[in-house]
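First the structure, in the form of structure tokens, and then the observations on it.
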Amino acid sequence: MKILTGVVINAKMEKSATVRVDRMWRHPIYKKMIKRSKKFLVHAEKQVKAGQIVKITEIKPMSRRKRWRIIE
């Protein structure tokens, strides 16, 4: 299972949160570092706050968009 680290950007739902995962990669031609981010809807058993750094892991689909769970 994949484990990703990201920042909680929205925690206003009851048992869900939105986590932004950033990644850096080097452009193959220009050799410049490029930052890309992606948002994931995650299942949060415990209450989390916006700005927290969390680790998320894959789980079986819980709903249409929720396929990740906070582990730490």
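Read the figures in this text as sums done on the coordinates, not as results from a lab. Everything numeric in this text was worked out from a predicted model, so none of it was measured. Cβ sites come from the backbone with ideal geometry, for glycine too, and all protein chains shown count toward neighbours.
From the list 56, 29, 9, pick out the single residue that is part of a loop (DSSP other than H, G, I, E, B) and β-branched (Val, Ile, Thr). Outline the logic, then answer.
On the way: 56 fails: part of a loop (DSSP other than H, G, I, E, B); 9 fails: part of a loop (DSSP other than H, G, I, E, B).
Answer to the check: 29.
Please go through the stretch 7-52 and give me each residue that is surrounded by 11 or more Cβ atoms within 10 Å (Cβ to Cβ) and of a type in the set (Val, Ile, Thr), ordered by number.
Across the stretch 7-52, the qualifying residues are 7, 8, 9, 18, 19, 21, 42, 48.
Evaluate the stretch 21-38: report whether one residue or more is among the acidic types (Asp, Glu) and within 11 Å of the chain's Cα centre (by Cα). Walk me through it before giving the result.
Let us first name the residues in the stretch 21-38 that are among the acidic types (Asp, Glu), namely 22.
Imposing the further condition that a residue be within 11 Å of the chain's Cα centre (by Cα) reduces the set to 22.
Yes, there is a match, as at least one residue in the stretch 21-38 is among the acidic types (Asp, Glu) and within 11 Å of the chain's Cα centre (by Cα).
How about the stretch 16-58: which of its residues are of a type in the set (A, V, I, L, M) and touching a residue at least 40 places away in the same chain (Cβ under 8 Å)? First the steps, then the outcome.
Our first condition is that a residue be of a type in the set (A, V, I, L, M); within the stretch 16-58, this holds for 17, 19, 21, 24, 29, 33-34, 41-42, 44, 48, 50, 53-54, 56.
Passing the criteria: 17, 19, 48, 50, 53, 54, 56.
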